[in-house]
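So the structure is just underneath, and the comments pick up after that.
We did not get these values from a lab; they are worked out from the coordinates using the rules stated. These numbers come from a predicted model, not from an experiment. So basically every Cβ, Gly included, is an ideal-geometry build from the backbone, and we count neighbours across all protein chains shown.
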Amino acid sequence: MTTAIGVVITEHIVSGRLEDQQLAGKLLRYPGDSESTDQPETPDELTAIPDGELVEIIAGQIAILTGSEKTPRETQLDAIGVAVPGIVRSGVVEESPNLPQIKGMRLKEKLTKALEGLGIAAPVHVANDADAIAAGVAATRGRLDKITRVWTIGNGIGYGRWPYVEGVWEGGHITVTLDPKEHYCGCGGVGHLEGIMGHRAMRMRFLDLEPEEVFANAKEGDARCREFVDLWHRALAAATASFIHLAGPGRFYFTGCNVGFLELPLLRSHLETMVRMSPLQSFSLEILPQDDETALIGAGVSALRALGG
Ligand SMILES: [Zn+2]
């Protein structure tokens, strides 16, 4: 049996224990559900926490998960997988626009050290959060031998893939338009997918409307909003078409807090105008429900795979 712990850091921190790549027991959350807070968490809650404190919180959760079993029979951990938003290479978070305090952080090293202080010795593997979702989808659907790609649609736009391939894979920053007026991407780049689809970018574009109102108005026939909703879908189709032209057709999944804006038939109709070579037309598109479990399982599975388990 393999035992792993998966940790997902997004707007909150969630961790759980995996036995043979399946969730075993309850998930732990920070900010906690123990404190019976009725208020919805603010998206910026974690950005206010210093990086050292974040590591302590994660280490604390892992300690609870390893010690939670009363019998000392198996506190042996095979791997700890941590999924974070941003560019992750060799355990270092090279860039993380939505969690700026961890930029440049040697997360693998710091967490390993913090865990040692708590008497826990297990290899730590750090993955990008969208890659972790792709791994989780592949694992839970018995598709670990196939290519799985995931778009996460939220404040930022993430692109994840399984199996992991060395690289940057910042799919959200792929250029989808040559219009110089498209400059709303959080990274500052012109013409980026996230500059059209990202939550923050939409708020900058429509200073008078929240993204939810833009999509609602479009449904009611407002021409300006309708035009934008079409652009939003065409941008995602363009980026997806590019990945189909590079790595082939296959399955694409869509998730994230703004996935409710997505209309698959509209996306598909745009995609069909962009992908015309018949061997590439066998792609499929599917919306995934928003949950933490998939990324959590993926973080653990990626860690086990990376460590040869
Ligand atoms: Zn960008």
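A few notes on this one:
- Between Val190 and Ala306, the modelled label-to-label distance comes to 3.6 nm, taking each label 7 Å out from Cα in the direction of the beta carbon.
- Given +1 at the Cβ of Lys and Arg, -1 at the Cβ of Asp and Glu and no other charges, the dipole of the chain around its Cα centre is 1000 debye to the nearest 20.
- Pairs beyond 29 Å (Cα-Cα), from Lys26/Lys113; Lys113/Lys146; Lys26/Lys110; Lys108/Lys181: Lys113/Lys146; Lys108/Lys181
- In nm, spacing of pseudo-spin labels at Gln22 and Glu109 (7 Å Cα→C-beta vector): 3.9
- Distance between region 272-299 and region 203-264 - C-alpha centres, whole angstrom: 15
- In this structure, Ser90 and Asp222 have a Cβ-Cβ separation that, at R0 = 45 Å, corresponds to a calculated FRET efficiency of about 0.40.
- Inter-probe distance in nm under a simple model that places probes 7 Å from Cα toward Cβ, at Glu293 and Ala63: 2.9
- For the chain, the longest principal axis of the C-alpha atoms and the axis of helix 264-274 are separated by about 70°.
- Plainly put, region 136-213 has a radius of gyration that is 1.09 times its Kirkwood radius, both from alpha-carbon atoms, as the Rg/Rh ratio.
- Ordering of 106-113, 6-13, 298-305 by packing [mean C-beta count within 10 Å, highest first]: 298-305, 6-13, 106-113
- Packing rank of 289-295, 164-170, where each peptide gets the mean count of other beta carbons within 10 Å, highest leading: 289-295, 164-170
- Contact order relative to length of the chain, as percent, for alpha carbon pairs under 8 angstrom and 6 or more apart: 20
- With the highest mean first, a sort of the peptides 120-129, 14-23 on other beta-carbon atoms found within 10 angstrom per residue produces 120-129, 14-23.
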